[in-house]
Amino acid sequence: MPMFVRKKLHALLMMIMTVVVRFSAPLRHTAFAGTGSSRQLCDHIIHTGVKKVLVVTDKPLRELGVVDKAVAALLAADIDVAYYDGVLPDPTFDQVAAGAAIAKAQGSEVVLAIGGGSSMDAAKIIAAAATSNASPTDWVGMGKIKHTVLKLYAIPTTSGTGSEATMGAVISDSVTHEKSIIMGDALLPTAVALDAELIVGLPPHITAATGMDALTHGIEAYIGVWDRGTRLEDARLAVKLIFEHLATACSDGKNLEARSAMTMAAYYAGLAINQVNVGNVHAIAHQLGGKYGIPHGLANALVLPHILEFCREEAQQRLAELAVLIGVGSEGESPAVLAGKFIQAVKDLREQVGIPEQMDVIKHEDFDAICQLAIKEGSAYPVPRLLDREDVLLILNKISG
């Protein structure tokens, strides 16, 4: 399809999305922040009067005792807590089905997600599947969950995905590994806890990758063409906090100030993308994760600087503003110079936290399929410039070993 036709269709899609969200009901969302806030969230759940809670998490977090610490208040109040700890990176529809079966067997009244983005994404669809006999594959897309779902709460244990602040979930097919996005108002957690005490043990490489994930969210929300809500303010807060604190969180994981700042950064970035969605970085990164199992934050970090170069002209003013925000440039410099300085700052931060520029696992024989899927996905996002095959291939060549 010619690019000028794609641009017209993209503009039409953005108009339709604007009209649809204008008539959406406002969503209620509560965040408990600070050390010990996981107990506050559990007390909140107790005070709602529920008696049966399904915790969705992964086995490593249970084995490390993180889950027990997070739900201590529930157990002390004699709440019936069931667990589904089968979530793996890039959760699948099979994992959702297994979790939903436990929820139905227990008669769960609410779902509490404890973990990274994978656990939170899985928990969202488990909460929907627990009250329906339909296949979750029928919900792929936006606004297709029409029934009442179990109330959802979240305690993130990484500072990156922002899933605790969004109404979307990414679920993979266990056979094809293709990732599907399910979005709807019912998937926004009712309340969350941003508890840095639960994150101090996160290894440096995961801290780095998830932090770059949050940075990607903040930047993509800021440079996108859909101006809605508080996305600019939220994105600016996220980007500034990440540049100020990510390196420290990686080098000194027990630094509660840095950890707390990163939990807030990831949350603000999540709020931003919940209003305006993500962009071309995710369009490519999702394919890398689905095809090769590359962790999502790492995939975003690989792609981010190249996409910023790709849309440098179209997003120049926004990138210039971010350069001034993080202190790598001044107001008197030209937008072109400032945009270049910000892109370089992203590269420098990526290097500082130890993320590579390339990965050998990315294979040239897969490029055509990755291109097709990335271009299709990117066309649905409010991006400043649509992807084309030549530029996706150029990026893939730069990040492959």
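The values are calculated or read from the model by the stated rules, or taken from the named source; none is laboratory data. What you see is a predicted model, and the numbers here were worked out from it, not measured in a lab. Backbone-built Cβ (ideal geometry, glycine too); neighbour counts: all protein chains shown.
Of the residues making up segment 198-211, none is touching a Gly at 6+ places or on another chain (Cβ under 6 Å) and farther than 24 Å from G253 by Cβ.
To keep it simple, each residue is scored yes or no on (1) in contact (Cβ under 8 Å) with a residue 12 or more places away in the chain; (2) assigned to a helix (DSSP H, G or I); (3) closer than 19 Å to L152 by Cβ.
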residue	(1), (2), (3)
A31	yes, no, yes
Q40	yes, yes, yes
D43	yes, yes, yes
I46	yes, yes, yes
V50	yes, no, yes
R62	yes, yes, no
D68	no, yes, no
L74	yes, yes, yes
Y83	yes, no, yes
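Note on segment 1-45: residues that are modelled with pLDDT under 80, farther than 28 Å from R228 by Cα and in the same structural domain as P156 (by TED's automatic domain parsing) amount to 0. Looking at segment 129-141, can you tell me whether even one residue there is closer than 20 Å to P295 by Cα, assigned to a helix (DSSP H, G or I) and in the same structural domain as K59 (by TED's automatic domain parsing)? Within segment 129-141 (the criterion being closer than 20 Å to P295 by Cα, assigned to a helix (DSSP H, G or I) and in the same structural domain as K59 (by TED's automatic domain parsing)), the answer is no, since none of the residues qualifies. Only one entry of L256, L237 meets the criterion of being closer than 19 Å to A345 by Cα and out of contact with any Pro (no Cβ under 9 Å at 6 or more places or on another chain), and that entry is L237. Suppose the filter is out of contact with any helix residue (DSSP H, G or I) (no Cβ under 7 Å at 6 or more places or on another chain), outside any strand (DSSP E or B) and surrounded by fewer than 24 Cβ atoms within 10 Å (Cβ to Cβ); does T148 pass it? It is true that T148 is out of contact with any helix residue (DSSP H, G or I) (no Cβ under 7 Å at 6 or more places or on another chain), outside any strand (DSSP E or B) and surrounded by fewer than 24 Cβ atoms within 10 Å (Cβ to Cβ). Scan segment 47-99 for residues that are in contact with a Pro (Cβ under 7 Å, 6 or more places away or on another chain), at pLDDT 95 or above and surrounded by fewer than 23 Cβ atoms within 10 Å (Cβ to Cβ) and the total you get is 1. Show the residue pairs meeting these rules: Cβ distance below 6 Å; 6+ apart or different chains; first residue within segment 108-121 and assigned to a loop (DSSP other than H, G, I, E, B); second residue hydroxyl-bearing (S, T, Y). Listed pairs, sorted by first residue: G116/T158. The combined condition, being surrounded by fewer than 24 Cβ atoms within 10 Å (Cβ to Cβ), at pLDDT 95 or above and not in a helix (DSSP H, G or I), is not fulfilled by V278.
Of all residues in segment 192-226, those satisfying the criterion of being charged (D, E, K, R) and crowded, with 24+ Cβ neighbours inside 10 Å are D195, D213, E220. Can you tell me which residue in segment 237-274 is farthest from M167 (Cα to Cα), limited to those that are surrounded by fewer than 20 Cβ atoms within 10 Å (Cβ to Cβ) and either among the hydroxyl-bearing types (S, T, Y) or outside the structural domain of Y381 (by TED's automatic domain parsing) (or both)? The extreme case among them is S251. Scan segment 142-169 for residues that are closer than 26 Å to H245 by Cβ and either of a type in the set (V, I, T) or under 13 Å from the mean Cα position of the chain (by Cα) (or both) and the total you get is 13. The number of residues in segment 104-145 being closer than 19 Å to L88 by Cα and surrounded by fewer than 24 Cβ atoms within 10 Å (Cβ to Cβ) comes to 2.
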